[in-house]
Amino acid sequence: MRTIISRRRLKCIVLSSLGDIRNNERHWDDLWKRCETVPPTARAELLAQWVEQFAPTEDFQALIVEEDGKWVAALPLIHTKVRYILHAGGLCGGTWTPGGAFLLDAGADADSILDVLVDALKKSNRQLLWFKEVALDAPRWKSFQRAMDRAGIAMDVDAEATGGYLEINRDWDEYYRSLSRDNRKTIERRARRLAEKGDIGFHAHARFDPADVEPLLRKGLAIEDRSWKGESGNSVFQRKEFPFLLNQARKMAEWGYLRLFFLHVGEEPAAFVYGFLAKGVFSGCKIGYDPAYSFGSPGIILYRYILEHLHRSGECRAFDCFGKLTEALSTWRPRSFPLGRIALAPRRLFGRFALYSYRRFFRNDEDDRRADAVGTEGFDRG
């Protein structure tokens, strides 16, 4: 751990190892509690677990801005490649395996903090920074972009998809009636199809004995393994990521964040969701459904019961659709917001060349791929 910038009451320090992260867990997690970032996977221990699983050999560092001994911003970075060619620094985590986030104290002076962070980025060895699936209109990212503009740093912002966020501030019956009549009829028709095969059962697990986490998680992931994800080799079992997810689930259960939801048809599990509820927001980051029940859209029916449960429980203020908004989740009429990519060159000469190369040779290809994918996204959620 070393200091690279010092300005009046603010300074920027660099953590260059997971040992540094774990040794400063108290400071890191205290910052997470004060920022707008919701996923508990951004906490120190789960960030460290993610890096150990998915990037153990990559160049890791975290830039920390400290104000009078109090951490007010954190940016964890790993080495990544853009289209397997351009070297860049990226955020930790993936769509279904979140593992880190840009943290900014929501009550602090964002401009002065981020000006220090920008100066630190200029001194780093990162020629190009490439941040994927960023909530572009989130306050911390808007402040980040303004800081880049003030510093004159070359930047490319690409709104490539939409996310979804549903506020839960009404009772269930009122919310359900607010859906279109066609939506309600479609949901009820699919539920009747499932009910023809057996009684529909909804099971919500929010409090866990430590011994219960593994069998419940195995039960849910076995459903995912029976779906197209298993056939394509992309399920947790096929990718041999179960030990990682189990350690993550155990830690979230210990903290009280873990939520596991199941839909049964008769005695058989037909769908499940693995997620977490933190800071009053529920996020379902992994879903699986048995293709034998696809005629009744078990994923959609499970989310119907989850949303009713969240409305009635009183412990949740919002439902985050988590990642790119799919056709299935758009059924529930969440508020949409832009998700995108921020690419920037903090070091002028080589960084600007790398950013030019990205714009010139790669960005158009990505736009074409997104256009080809229109109409195919979203069906993985059942």
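The values are calculated or read from the model by the stated rules, or taken from the named source; none is laboratory data. No experiment lies behind these values; they were computed from the predicted model shown. Quick reminder, even Gly has a Cβ in these numbers, built from the backbone with ideal geometry, and neighbours come from all protein chains shown.
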Which members of the stretch 144-185 meet the condition of being among the aromatic types (Phe, Trp, Tyr) and in contact with a strand residue (DSSP E or B) (Cβ under 7 Å, 6 or more places away or on another chain)?
-> Tyr165
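Between Phe208, Phe237, Phe242, which is within 29 Å of Ala318 (Cβ to Cβ) and among the hydrophobic types (A, V, I, L, M, F, W, C)?
Phe208
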Looking at (1) assigned by TED's automatic domain parsing to the domain that holds Leu258; (2) exposed (fewer than 15 other Cβ atoms within 10 Å of the Cβ); (3) under 23 Å from the mean Cα position of the chain (by Cα), find the lone condition where Ala159 falls short.
-> (1)
Using the structure shown, decide if Asp119 is assigned by TED's automatic domain parsing to the domain that holds Glu52, among the charged types (D, E, K, R) and crowded, with 21+ Cβ neighbours inside 10 Å.
-> no
Every listed condition ((1) under 22 Å from Leu216 (Cα atoms); (2) surrounded by fewer than 16 Cβ atoms within 10 Å (Cβ to Cβ)) holds for Leu307 save (2)
Pairs under 6 Å by beta carbon, first residue at positive phi and in the same structural domain as Phe295 (by TED's automatic domain parsing) in the stretch 252-278, partner surrounded by fewer than 20 Cβ atoms within 10 Å (Cβ to Cβ) and among the aliphatic types (A, V, I, L, M), six or more apart or different chains?
-> none
Please work out if Asn234 is assigned by TED's automatic domain parsing to the domain that holds Leu307 and touching a residue at least 12 places away in the same chain (Cβ under 8 Å).
-> no
Which condition number in (1) part of a helix (DSSP H, G or I); (2) modelled with pLDDT of 95 or more is the one that Phe319 fails?
-> (1)
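Here is a yes/no grid of residues against (1) surrounded by fewer than 17 Cβ atoms within 10 Å (Cβ to Cβ); (2) out of contact with any Cys (no Cβ under 9 Å at 6 or more places or on another chain); (3) under 21 Å from Ser124 (Cα atoms):
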residue	(1), (2), (3)
Asp30	yes, yes, no
Trp50	no, no, no
Trp71	no, yes, yes
Ala74	no, no, yes
Ile78	no, no, yes
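What are the residues in the stretch 1-20 that are outside any strand (DSSP E or B) and touching a strand residue (DSSP E or B) at 6+ places or on another chain (Cβ under 6 Å), if any? I'd like the intermediate steps shown before the answer.
We begin by selecting, within the stretch 1-20, every residue outside any strand (DSSP E or B); these are 1, 8-9, 16-20.
If the condition is that a residue be outside any strand (DSSP E or B) and touching a strand residue (DSSP E or B) at 6+ places or on another chain (Cβ under 6 Å), then Met1, Arg9, Ser16 are the ones that fit.
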Given the conditions (1) without any contact (Cβ under 8 Å) to a residue 40 or more places away in the chain; (2) buried (at least 16 other Cβ atoms within 10 Å of the Cβ), which single one is not true for Ala318?
-> (1)
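Can we say Arg192 is surrounded by fewer than 16 Cβ atoms within 10 Å (Cβ to Cβ), in the same structural domain as Cys92 (by TED's automatic domain parsing) and in a helix (DSSP H, G or I)?
Numbers: surrounded by fewer than 16 Cβ atoms within 10 Å (Cβ to Cβ): yes; in the same structural domain as Cys92 (by TED's automatic domain parsing): no; in a helix (DSSP H, G or I): yes.
In short, no.
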Could you say whether any residue in the stretch 186-193 is in contact with a strand residue (DSSP E or B) (Cβ under 9 Å, 6 or more places away or on another chain) and in contact (Cβ under 8 Å) with a residue 12 or more places away in the chain?
-> yes
Subset tally (residues that are in contact with a helix residue (DSSP H, G or I) (Cβ under 6 Å, 6 or more places away or on another chain) and on the phi > 0 side of the Ramachandran plot) for the stretch 56-92 = 1
Every listed condition ((1) assigned by TED's automatic domain parsing to the domain that holds Glu267; (2) assigned to a helix (DSSP H, G or I)) holds for Gly198 save (2)
If we only count strands (runs of 3 or more DSSP E) wholly inside the stretch 56-163, which ones have 2 or more residues that are within 24 Å of Gly284 (Cβ to Cβ) and of a type outside the set (A, V, I, L, M, F, W, C)?
-> 129-135
